[in-house]
1. Treat the count of other C-beta atoms within 10 Å as a stand-in for reagent exposure and order 255, 89 from fewest to most.
2. Taking Cα pairs under 8 Å and at least six residues apart, what relative contact order does the chain come out at, in percent?
3. Need one number: nm distance between label points at residue 184 and residue 298, each 7 Å from Cα along Cα→Cβ, rounded to one decimal.
4. First check a/c for region 111-161, with a ≥ b ≥ c the square roots of the eigenvalues of its C-alpha gyration tensor; if it is under 1.5, answer rounded, and if not, answer prolate when a/b is larger than b/c or oblate otherwise.
5. With just the Cα atoms defining each centre, how far is region 177-207 from region 149-175? Give it in Å.
6. Neighbour counts of other C-beta atoms within 10 Å: give me 215, 309 arranged from fewest to most.
7. May I ask you to order 196-205, 73-82 by the average number of other C-beta atoms within 10 Å around their residues, highest value first?
8. At a 10 angstrom cut-off on C-beta neighbours, averaged per residue, how do the peptides 257-264, 151-158 rank from highest to lowest?
């Protein structure tokens with residue numbers, strides 16, 4: 001009989017849950033809802049427990065299984081985190097601080113739980129069941145409300161001395177640059193996360209660049225999002241193409257640093273921005289080739305994730321399996 005682990009992916013925009021077989025496979029019973037961070041962490045836990053119980057009921061019925069077949073719950077959450085204590089220390093994009101997320105969700109579901117950084121979970125999911133299967137050295141990059149990163153080195157997830165390894169989005173690419181939500185200046189995230197892609201696009205339209213972007217939002221530039229930029233790109237908008245091309249080069253500079261530092265076999269990029277396809281990956285790969293050591297570039301594939309919407313769910317469940325069941 002198959003056993004299952006609940007995977008929980010807490011993002012700045014959405015909460016996503018699903019059930020993943022202990023032996024690996026796609027997430028089932030997947031459910032999501034807006035995070036609504038302004039309601040606070042307690043409200044998010046209530047939502048997560050309800051979504052998880054709904055997912056559990058669906059999957060158990062489909063497979064004629066029982067509650068005893070649910071082994072536990074793996075949680076992915078933005079950080080920094082205290083992994084030993086199971087506590088969110090701070091989340092720049094959610095506003096939570098010193099919150100015992102692991103215990104609250106474990107108690108709500110009456111299941112044992114693991115906790116890891118959300119980008120680590122997405123990276124682990126792509127390595128375990130997605131675009132990085134079979135490799136020993138991988139870098140994951142998650143593009144969403146923020147930019148996260150994760151590292152698999154010699155087949156092991158790297159967490160570092162305090163659990164914050166892999167924070168690619170908070171590496172500095174311009175030491176006099178834009179202010180980041182973390183408080184630093186010039187972080188990769190301050191330029192190439194979803195909200196900051198939108199911010200750069202708004203600035204250009206406000207400065208007079210001709211673009212269909214203003215028309216798409218009825219003239220209210222505050223409504224421009226990264227998705228709006230993508231929609232304009234599909235329509236052939238030249239300015240949206242410039243924004244995406246610049247974003248790709250910025251990401252390429254950040255990824256080149258990771259390629260030189262870790263010499264991975266695969267860099268997997270996860271998130272909605274990857275829908276831009278070759279508009280993103282073409283200039284991104286070119287920038288990495290321009291900046292990184294040729295031997296490291298030759299050894300590395302840069303690819304989109306193979307688990308859209310569920311890499312974090314699958315990875316959170318996989319980390320629970322690795323920590324509790326093997």
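Every read-out reported here was derived from the displayed coordinates using simple, explicitly stated rules and does not represent laboratory data. This one's a predicted model, so the numbers in the text were calculated from it and none came from an experiment. Here the Cβ is made from the backbone with ideal geometry for all residues, glycine too, and neighbour counts use every protein chain on show.
1. So the residues, fewest neighbours to most, are 89, 255.
2. Rounded, it is 21 percent for the chain.
3. Computed distance between label sites residue 184 and residue 298 equals 3.2 nm.
4. Because its axes are fairly even, with a/c under 1.5, region 111-161 counts as rounded.
5. Result: 21 Å between the Cα centres.
6. Neighbour counts put them in this order, fewest first: 215, 309.
7. 73-82, 196-205
8. The densest-packed peptide leads the list: 257-264, 151-158.
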